[in-house]
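For reference, the structure is listed below as structure tokens.
The values are calculated or read from the model by the stated rules, or taken from the named source; none is laboratory data. What you see is a predicted model; the values in this text were computed from it and never measured. Cβ: placed from backbone, ideal geometry, glycine included. Neighbour counts: every protein chain shown. With ligands, DNA and RNA removed, areas are computed over all heavy atoms of the protein, side chains included. Shrake-Rupley method; radii C 1.70, N 1.55, O 1.52, S 1.80 Å.
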Amino acid sequence: MSARTYQVRTYGCQMNVHDSERLSGLLEDAGYVAVDGGQVADVVVFNTCAVRENADNKLYGNLSHLAPVKTANPDMQIAVGGCLAQKDRGEIVRKAPWVDVVFGTHNIGSLPALLDRARHNQRAEVEILESLEVFPSTLPARRDSAHSGWVSISVGCNNTCTFCIVPSLRGTERDRRPGDVLAEVKALVAEGVLEVTLLGQNVNSYGVEFGDRFAFGKLLRACGEIDGLERVRFTSPHPKDFTDDVIAAMAETPNVCHQLHMPLQSGSDKMLREMRRSYRSARYLSIIEKVRAAMPDAAITTDIIVGFPGETEADFQATLDVVGQSRFASAFTFQYSKRPGTPAATMADQVPKQVVQERYDRLLEVQEAISWDLNKELVGRPVEVVVAAGEGRKDADTRRMSGRARDNRLVHFSPAGADPRPGDVVETVITYAAPHHLVADGPVLSHRRTRAGDNHEAGLRPKTSGVGLGLPAFGVPAPLPESTGCATS
């Protein structure tokens, strides 16, 4: 009897992408085999998001497309997990009775057992827990990339932003032990990974659970001691918790990239109060100033919401002013949309759609001009690129390859006689700048073959078995190792 096949379809943020890696690891440990999107899998798992606009419509539309497929393949199973499953619960089975399993954000480890139970009992299984069953990082994970990996340092969030539904779906913040985080990073590096991104809803509140407000800066420095780890990134920090020691750790730890994604949301202090963001524009700008003083080459990106309830033209202009002063390398801009269950959804003075659209277009115009100006400054400069797969949608037409610079800018380059593979490292010179990417059409100055490139070429991806013993114990964990010295990059 051949092994049952699976496919995981992911929507939403980096947390969901990493959770999908765990779902893949769990299914492979249970004997399932992955298939690509062109094949009909025995098990299709939707890992959903409840934050994005039209998340519900997207899910139920995709489920309806699978209904006739399942009718033709009665042994097929469909599972729905993630944030929308945590929110809608049994409503999913009521709307789509052909779904076999519904599981929440706190019990992704239950998926293989729920699939078995649904198949045995021949009925839908819905299991939504209200708190973590086990810390997600203790679960196996089949990694998507041979050269880069996500590492969760915490799950959940203690903030109460009025537009955000995440705390009610992911729970309050739970921090991993520093030793467990570093053990996972080392395990990835041992598999050939060059780059890790530390993940948390609010990474610089890391340590709140075990009483060390400087824990995140220490963690960055400890990552600098890991041989073979070339790049360290993190997302996302919250301006209210951003401390000077983190800036120093970024500047003084050679493998920590000079890249910062720090959500602004609004430049209006009135809007920030209504959003419950607990910082003001002056505080935000002071962090930007300190980061640039320590790292003049830092690429700073952000998130901005346009049209939050009650936003006036003056409030919007305040956002444009902060954008102009901050000079972001890029910005993820969103038109406000009501998310059921959030305080903002019932606020008065909802901004008309046409007004939101007009402001959004103006913001995009301002930000694109800034991004383009900053990118033009890089023309003629050498850049180190870790080659990636699938970053450039037109690469086949242009005969270019693509990858990320240390500051996370997207670079399309000409291999020009070199034979780099995803995971290899090349150095080249920027010849052209666009608002959202850079182009290097000159010769490759250097090409370093890496173990990650070997693994990609061989079709191998890292698989981590799960690190740690569960949720953090009470008390203060063992201290992080001290940095052996400071160096500027």
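Observations on the model:
- Residue count for region 399-420, restricted to those that are assigned to a strand (DSSP E or B) and not charged (D, E, K, R): 8.
- Residues of region 11-26 include at least one that is open to solvent by less than 30 Å² (accessible area, probe 1.4 Å), among the hydrophobic types (A, V, I, L, M, F, W, C) and at pLDDT below 90.
- Of the listed requirements (1) touching a helix residue (DSSP H, G or I) at 6+ places or on another chain (Cβ under 6 Å); (2) more than 20 Å from Asp303 (Cβ to Cβ), Gln350 misses just one: (1).
- Among the residues of region 93-134, those identified as farther than 21 Å from Met15 by Cβ, open to solvent by 20 Å² or more (accessible area, probe 1.4 Å) and in a loop (DSSP other than H, G, I, E, B) are Pro97, Trp98, Asp100, Gln122, Arg123, Ala124.
- Some residue of region 308-315 being buried (at least 21 other Cβ atoms within 10 Å of the Cβ) and in contact (Cβ under 8 Å) with a residue 60 or more places away in the chain: yes
- Arg359 being assigned to a helix (DSSP H, G or I) and closer than 24 Å to Arg409 by Cβ: no
- From the list Ser168, Ser137, the lone residue that is within 17 Å of the chain's Cα centre (by Cα) and outside any loop (DSSP other than H, G, I, E, B) is Ser137.
- Candidates Val185, Val189, Val193, Val181, filtered to the one that is among the aliphatic types (A, V, I, L, M), within 22 Å of Cys223 (Cβ to Cβ) and part of a loop (DSSP other than H, G, I, E, B): Val193
- For first residues located in region 274-295 and of a type in the set (Phe, Trp, Tyr), partners that are part of a helix (DSSP H, G or I) and lie 6+ apart or on another chain with Cβ distances below 6 Å form the pairs Tyr279/Pro239; Tyr279/Lys240; Tyr284/Pro239.
- The set of residues in region 304-318 that are not in a loop (DSSP other than H, G, I, E, B) and not aliphatic (A, V, I, L, M) comprises Glu313, Asp315, Phe316, Gln317.
- Test: Ser152 is among the hydroxyl-bearing types (Ser, Thr, Tyr), open to solvent by 40 Å² or more (accessible area, probe 1.4 Å) and touching a residue at least 40 places away in the same chain (Cβ under 8 Å): no
- Subset of region 230-248 that is open to solvent by 20 Å² or more (accessible area, probe 1.4 Å) and in a helix (DSSP H, G or I) - its residue that is nearest to Pro296 (Cα to Cα): Ala248
- Just so you know, in region 421-453 the residues that are touching a Lys or Arg at 6+ places or on another chain (Cβ under 8 Å) and not in a loop (DSSP other than H, G, I, E, B) include one that is surrounded by the fewest Cβ atoms within 10 Å (Cβ to Cβ), and it is Val429.
- The condition of being of a type in the set (A, V, I, L, M), in contact with a helix residue (DSSP H, G or I) (Cβ under 7 Å, 6 or more places away or on another chain) and either open to solvent by 10 Å² or more (accessible area, probe 1.4 Å) or at positive phi (or both) does not hold for Val45.
- Close pairs (6 angstrom Cβ cut-off, 6 or more residues apart or separate chains): within 16 Å of Gly12 (Cβ to Cβ) in region 331-349, open to solvent by 80 Å² or more (accessible area, probe 1.4 Å) and part of a loop (DSSP other than H, G, I, E, B) anywhere: Ser337/Glu53
- A search for C-beta distances below 8 Å between a residue of region 73-84 that is closer than 24 Å to Leu169 by Cβ and among the polar types (S, T, N, Q) and any residue that is surrounded by fewer than 22 Cβ atoms within 10 Å (Cβ to Cβ) and modelled with pLDDT under 90, counting only pairs 6+ apart in sequence or on different chains, returns nothing.
- Restricted to region 386-416, and to residues there that are crowded, with 19+ Cβ neighbours inside 10 Å and over 20 Å from the mean Cα position of the chain (by Cα), the residue that is nearest to Ala329 (Cα to Cα) is His412.
- Considering region 454-480, and only residues there that are closer than 18 Å to Ser152 by Cβ and either in contact with a Gly (Cβ under 7 Å, 6 or more places away or on another chain) or at pLDDT 95 or above (or both), the residue that is surrounded by the fewest Cβ atoms within 10 Å (Cβ to Cβ) turns out to be Lys463.
- Any hit, region 341-360, residues being open to solvent by 10 Å² or more (accessible area, probe 1.4 Å) and within 30 Å of Asp407 (Cα to Cα): yes
- Being of a type in the set (A, V, I, L, M, F, W, C), modelled with pLDDT under 95 and in contact with a Pro (Cβ under 7 Å, 6 or more places away or on another chain) is not true of Ile128.
- Filtered by the rule that a residue be closer than 28 Å to Arg221 by Cα, open to solvent by less than 30 Å² (accessible area, probe 1.4 Å) and assigned to a helix (DSSP H, G or I), region 249-303 gives Ala249, Met250, Ala251, Tyr284, Ile287, Ile288, Val291.
- Residues satisfying the stated conditions in region 59-77, i.e. open to solvent by 70 Å² or more (accessible area, probe 1.4 Å) and either over 30 Å from Arg339 (Cα atoms) or in contact with a Cys (Cβ under 9 Å, 6 or more places away or on another chain) (or both): Pro68, Thr71, Ala72, Pro74, Asp75
- Filtered by the rule that a residue be modelled with pLDDT of 95 or more and either open to solvent by less than 60 Å² (accessible area, probe 1.4 Å) or more than 20 Å from Glu252 (Cα to Cα) (or both), region 208-229 gives Ala215, Phe216, Gly217, Leu219, Leu220, Arg221, Ala222, Cys223, Gly224, Ile226, Gly228, Leu229.
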